[in-house]
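Beneath this line is the structure, given in structure tokens, with notes to follow.
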């Protein structure tokens, strides 16, 4: 991991934690519901939401930064993948083929070749 990727990852995690904190600090829309039932003005329940405050603006900016860092990390992982790493190799290429002691490739575990039946019967044959 180089410095750019580390910085981007640090910024990404920091922004994610900040978004969580700012969302939890905000005043919910349904929090003034008691005002609708006689304890104050009821315009806030179904009325206009009013202007956005500092917390909602900051949350919107942090969300934009979060998406930009997500795209940046994705681009970096795709373009700077290690040779032979996860981006270029198949899962099947990770393990070499198994060979028998004679040097011939071993048959897979679920091979379709049936074992010969004892006594020359056709019990081990697979119908076609």
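Structure notes:
- Note on residue 26 and residue 4: their simple-model spin labels are 3.3 nm apart, each label 7 Å out from Cα toward Cβ.
- Label-point separation, residue 57 to residue 78 (7 Å along Cα→Cβ), nm: 3.4
Every read-out reported here was derived from the displayed coordinates using simple, explicitly stated rules and does not represent laboratory data. None of these values were measured; they are calculated from a predicted model. Glycine gets a Cβ as well: all are built from the backbone with ideal geometry, and neighbour counts include every protein chain shown.
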